[in-house]
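Colleague: This is the structure I have questions about; it appears just below.
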Amino acid sequence: MKSTDILNPVSKLISGKTRICGIIGDPIEHTISPTMQNAAFRQMGLDYVFIPFKVKKEDLREAIEGIKALNIRGLNVTIPHKVAVMPFLDEVDPLAENIGAVNTIVNNEGLLKGYNTDASGFLQSLLAENIQPAGKNVVILGAGGASRAIAFILADKGANLTILNRHSEAAKALAGWITRLFRREVIAGDLEKESLRVALKEADLLVNTTSVGMSPDTEDTLAPSRLIKSTLSVVDIIYNPLKTRLLIDAEKKGAKVIGGVEMLVQQGAAAFELWTGRKAPVDVMRSTAIEALNVRKD
Ligand code: ATR
């Protein structure tokens, strides 16, 4: 190797001044956030790097203390730490506090503040398609963690919600929480053919927050094609595959569709802006994310 080869493009990326961001989770091997965020840093000419950290549940407190000790600028937080991380932070943004989950941490000179960009990323993916939630009838499938953030932000923006879940108790609990917070009636029920048919009759927007349709079970869908009309918009938060059976069926019916990669990109863009104070290069993040997901499939 010639001595000049040492200064190849990769070794030039990191210097003594480079700021560090990353993502903590377990498992973390399948994350595409490093690919997406590093492409965004390069695009903007920022001296930042983004690294995956596999953090076990029992090591979470030490990992969060390590942010300060190592002067890390910020982290994304993913499964299983989004709720558990909250007590270890100095401050939590009101949106994240209300939702009860943090997916982004910013280290402001030793003060750690938590945010939820999943909810704002979801909203942004709608607004980018000119879908305004106010006054719209929205049917949400699922009542887990992702559904909670999505239901909250939609109710906050004035949508009328119907939440359907395989186990209706979880849908009712989530609906009750939204009703108490926003003084807005929310319909809750079983995720069955008849309740779905009734709900979709008047619906403007359908959101799948469950894992049904995710690879490898890519032919599965919770909404039979005949219940989908052309005036409906359909969002699936699954990004593997990029287009689920639900979205393929909806598109055939002439409905507007939004895939899960858009929420992934928009939550990442919001986190990027919190860490760098710069506008995120969303197009580069989207194309890099799609490329990374396509490569991973092979
Ligand atoms: P997340 O944080 O991604 O929302 P979660 O909290 O585990 O994950 O929630 C998963 C959601 O998908 C739940 O609403 C779950 O329904 P149940 O509460 O009835 O378990 C839903 N889900 C998962 N597999 C499903 C299936 N095969 N059919 C219908 N709903 C399913």
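The values are calculated or read from the model by the stated rules, or taken from the named source; none is laboratory data. Being a predicted model, the structure only gives us computed values, none of them experimental. For accessibility, only protein heavy atoms count, side chains too; no ligands or nucleic acids. Shrake-Rupley method; radii C 1.70, N 1.55, O 1.52, S 1.80 Å.
Colleague: Enter the accessible area per residue of the chain (Å², integer; probe 1.4 Å; all protein chains in place).
Modeller: 49
Colleague: What is the ratio of the Cα radius of gyration of the chain to 2.2 N^0.38 Å, where N is its residue count, to two decimals?
Modeller: Against the compact-globule rule of thumb, the ratio is 1.05.
Colleague: Follow-up. Under a 5 Å amide H to amide H cut-off, with H placed in plane at 1.01 Å, what residues pair with V92 once short-range neighbours are removed?
Modeller: G114
Colleague: Just to check I understand the Karplus step: with θ = phi - 60° and J = 6.51 cos²θ - 1.76 cosθ + 1.60, what whole-Hz values come out for the stretch 35-48, glycine and proline as x?
Modeller: Per-residue couplings from phi come out as 4, 5, 6, 5, 5, 5, 4, 5, 4, 8, x, 9, 7, 10 Hz.
Colleague: Using Cα pairs under 8 angstrom and six or more residues apart, how large is the relative contact order of the chain, in percent?
Modeller: 15
Colleague: Could you please state how large a percent of the accessible area of the stretch 137-203 is carbon and sulfur, counting protein chains only and using a 1.4 Å probe?
Modeller: Carbon and sulfur: 48 percent of the exposed surface of the stretch 137-203.
Colleague: Under the rule of at least 5 residues apart or a separate chain, name every residue whose amide H is placed under 5 Å from the amide H of R19.
Modeller: Y48, V49
Colleague: Here's another thing I want to ask about it. Could you please state, rounded to a whole Å, how far the C-alpha centre of the stretch 248-298 is from the C-alpha centre of the stretch 118-150?
Modeller: First find each Cα centre; the distance between them is then 15 Å.
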